[in-house]
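S.K.: Quick one: structure below, then a few questions.
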Amino acid sequence: MLKNCIIICKKSENKLFKTLCPDSVIKNSLLTAFRYVFINPGIIVVVSESFVQANSLVLPPLIRLSKLNNIPPLIMVSQKNYTFSDFIVTNVTNLKETILHMEAYLKNYDPKNSSNIFNDFLLLNSFEMLNQILREKQTDKSNIYKKCTELMEVTLLPAGLAIGETINNETTLFISQNSFVDIQTFKNILSSNKIPTENLTIQNNEKSKAHEYTKAYLKNKQIYFIKNNDFFLITIFSKEQIKDETYMTNLLNKLFEKIEEVIYISSTTIREHSISITDYLTGIYNRRFFDEILNKELILSKRKKMPLSLLLFDIDFFKRINDTYGHTVGDGVLTSLCKLVAKLLRKSDIFARIGGEEFAILLPDTDEKGGYYLAEKIRTTVENETFIIDEYRINFTISIGLLTGINVDKLDYNTIYKLTDDALYEAKKRGRNRTINKVF
């Protein structure tokens with residue numbers, strides 16, 4: 001009696017729903033659930049609240065689908081007393097009865113009248129969710145691309161999906177988490193379309209499949225590839241999925257144009273954000289952003305009971321460099337120093353210019369030993385480096401003050417800065433070109 005029903009839930013809920021509705025189809029994957037709805041028009045769709053919470057993209061398209069003519073309303077299972085006009089909410093106890101009542105919608109349902117409904121509504125919904133990405137004003141390009149791949153996955157239901165870009169001969173490829181296609185196949189597609197793969201960075205792909213499996217899966221498949229300027233989209237479909245190739249091509253083109261718009265506008269937001277947190281001369285973080293991160297990391301260290309190290313350093317006798325060679329060369333020294341130091345840091349370290357020739361490095365989850373090792377590595381590397389600025393060969397040293405906070409519960413923003421600055425002052429007083437470390 002409940003065979004015309006799909007239940008979308010978390011795997012941990014399978015036993016519960018199999019007991020309640022033994023004849024229903026149960027799906028635990030967003031992609032497989034949408035595929036099933038796609039090939040079974042008019043089916044009653046039930047989704048658990050926990051699945052909705054874990055998959056942010058599932059609810060909007062299902063709601064839109066349920067609003068179309070002759071499509072049964074969506075049912076969400078929840079123990080809470082919600083009231084929504086967009087879908088029906090029921091608890092576990094009343095689920096079976098609700099589904100039985102819903103079957104009345106299917107009596108007059110004619111699937112012939114909705115052959116392209118699923119694609120039509122997903123296209124509209126895609127634009128809505130792409131606009132949502134813009135409204136969020138994301139400043140991390142990786143997050144934007146990840147959201148786009150999630151969206152395209154829901155919209156296109158492909159066997160394989162990747163979004164990427166090429167900048168200065170360096171290619172970045174964001175591969176869908178649910179892709180059945182292995183990395184080598186994507187590389188082959190890039191190469192066949194003359195996209196550089198020598199400097200290729202691959203992100204968001206934790207489930208790459210074996211190449212032999214991919215070759216078998218792609219047998220008799222149709223590959224769509226669209227490229228526009230430096231931004232590109234790869235989608236791989238099975239021929240069974242494509243009823244109308246012209247329609248699918250148009251759908252791809254429309255989505256791709258919209259995603260390009262989102263990437264372009266988002267890139268502007270990213271650039272503006274980058275400018276606001278970056279030192280104009282050296283390209284590293286500025287004082288305002290560094291202070292913001294220091295406060296956040298201090299709170300995190302207190303919560304997790306982790307040590308925290310702060311390193312302050314400046315150039316010894318920097319005024320002599322400016323007086324001898326001029327301020328333009330002095331600026332070149334600062335820029336070259338930052339490039340050298342940045343190569344010695346971990347990705348988690350926060351490097352900023354906080355004054356004229358004074359710099360700070362925040363070392364999260366770093367004890368006294370680790371902090372001192374890095375400080376000395378930086379100091380000795382600078383001491384042994386000859387900086388070539390214009391036609392001048394310049395050597396200089398730096399002095400470093402280091403504070404490691406072990407009793408982080410007693411540390412605050414002002415204290416950590418004062419103690420580290422005191423250590424830097426002591427390094428200067430003792431003759432410069434040295435590291436003075438303190439532990440609190």
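The values are calculated or read from the model by the stated rules, or taken from the named source; none is laboratory data. This is a predicted model, so every value here is computed, not measured. Counting neighbours? That spans all protein chains shown, and the Cβs are built from the backbone with ideal geometry, glycine included. Protein only, heavy atoms only, side chains kept; ligands, DNA and RNA dropped before computing areas. Shrake-Rupley method; radii C 1.70, N 1.55, O 1.52, S 1.80 Å.
S.K.: Return the subset of LYS296/LYS347; LYS319/LYS429; LYS10/LYS96; LYS296/LYS429; LYS377/LYS438 for which the Cα-Cα distance in this structure is over 20 Å, preserving the input order.
M.R.: Among LYS296/LYS347; LYS319/LYS429; LYS10/LYS96; LYS296/LYS429; LYS377/LYS438, the Cα-Cα distance tops 20 Å for LYS296/LYS429.
S.K.: I want to make sure I understand the PRE zone here: with the label point 7 angstrom from the Cα of ARG135 toward its beta carbon, which residues in the range 265-292 have backbone N atoms less than 12 Å away?
M.R.: No residue qualifies, since no backbone N sits under 12 Å from the label point.
S.K.: If you don't mind, another one. For the chain, with the dipole built from +1 on Lys and Arg beta-carbon atoms and -1 on Asp and Glu ones, taken about the Cα centre, which of TYR36, THR166, SER301 lies farthest toward the positive end?
M.R.: My answer, from the dipole projection, is TYR36.
S.K.: On the protein heavy atoms, probe 1.4 angstrom, tell me the percent of accessible surface of the chain carried by carbon and sulfur.
M.R.: 48 percent
S.K.: Could you order the peptides 134-144, 183-193 from most to least packed, using the average number of other C-beta atoms within 10 Å per residue?
M.R.: The densest-packed peptide leads the list: 183-193, 134-144.
S.K.: Another question about this same structure. Between ILE277 and ASN28, what is the label-point separation in nm under the 7 Å Cα-to-beta-carbon projection?
M.R.: Output for this residue pair reads 3.7 nm.
S.K.: How much of ARG379 can a 1.4 Å solvent probe reach, expressed as accessible area in Å² and rounded to 10?
M.R.: 30 Å²
S.K.: Assign unit charges at the C-beta atoms only (+1 for Lys and Arg, -1 for Asp and Glu), then state the dipole size of the chain relative to its Cα centre in Debye, rounded to the nearest 20.
M.R.: Dipole about the Cα centre, nearest 20: 1100 debye.
S.K.: Sticking with this structure for a sec: Heavy-atom accessible area per residue, the chain, 1.4 Å probe: how many Å²?
M.R.: 51 Å²
S.K.: Would you kindly state how much longer the chain becomes between PHE225 and LYS304 on full extension, computed as 0.36 nm times their sequence separation minus their alpha carbon distance, in nm to one decimal?
M.R.: Between PHE225 and LYS304, full extension yields an extra 23.8 nm.
S.K.: Compute the length gained on full extension between ASN407 and LYS377: take 0.36 nm times their separation in residues and subtract their Cα-Cα distance, giving the result in nm to one decimal.
M.R.: Full extension from ASN407 to LYS377 adds 8.3 nm.
S.K.: For ILE26, enumerate residues with amide H under 5 Å from its amide H, sequence gap 5+ or separate chain, H modeled in the peptide plane.
M.R.: ILE7
S.K.: Looking at the range 150-204, which GluC sites (Glu not before Pro) are in a loop (DSSP not H, G, I, E or B) and have at most 16 other Cβ atoms within 10 Å?
M.R.: Values: sites: GLU150, GLU153, GLU165, GLU170, GLU198; in loops: GLU198.
Answer in residue order: GLU198.
S.K.: For LEU16 and SER142, calculate 0.36 nm times their separation in residues minus their Cα-Cα distance, and state this gained length in nm to one decimal.
M.R.: This chain segment gains 41.6 nm when fully extended.
S.K.: Another one. DSSP H helices in the chain with Cα extent of 20 Å or more along the helix axis and mean Kyte-Doolittle hydropathy at least -0.5?
M.R.: Flagged H segments are 117-136, 141-156, 245-277, 327-342.
S.K.: Helix-only mean residue ellipticity at 222 nm, the chain, DSSP H runs n ≥ 4 weighted -39,500 (n - 2.57), per residue, nearest 500. What is it?
M.R.: Value at 222 nm, helices only: -14500 deg cm²/dmol.
S.K.: Right, next: Taking loop as defined by DSSP and a crowding limit of 15 other beta carbons within 10 Å, which chymotrypsin sites (Phe, Trp or Tyr not before Pro) in the range 263-306 fit?
M.R.: TYR280
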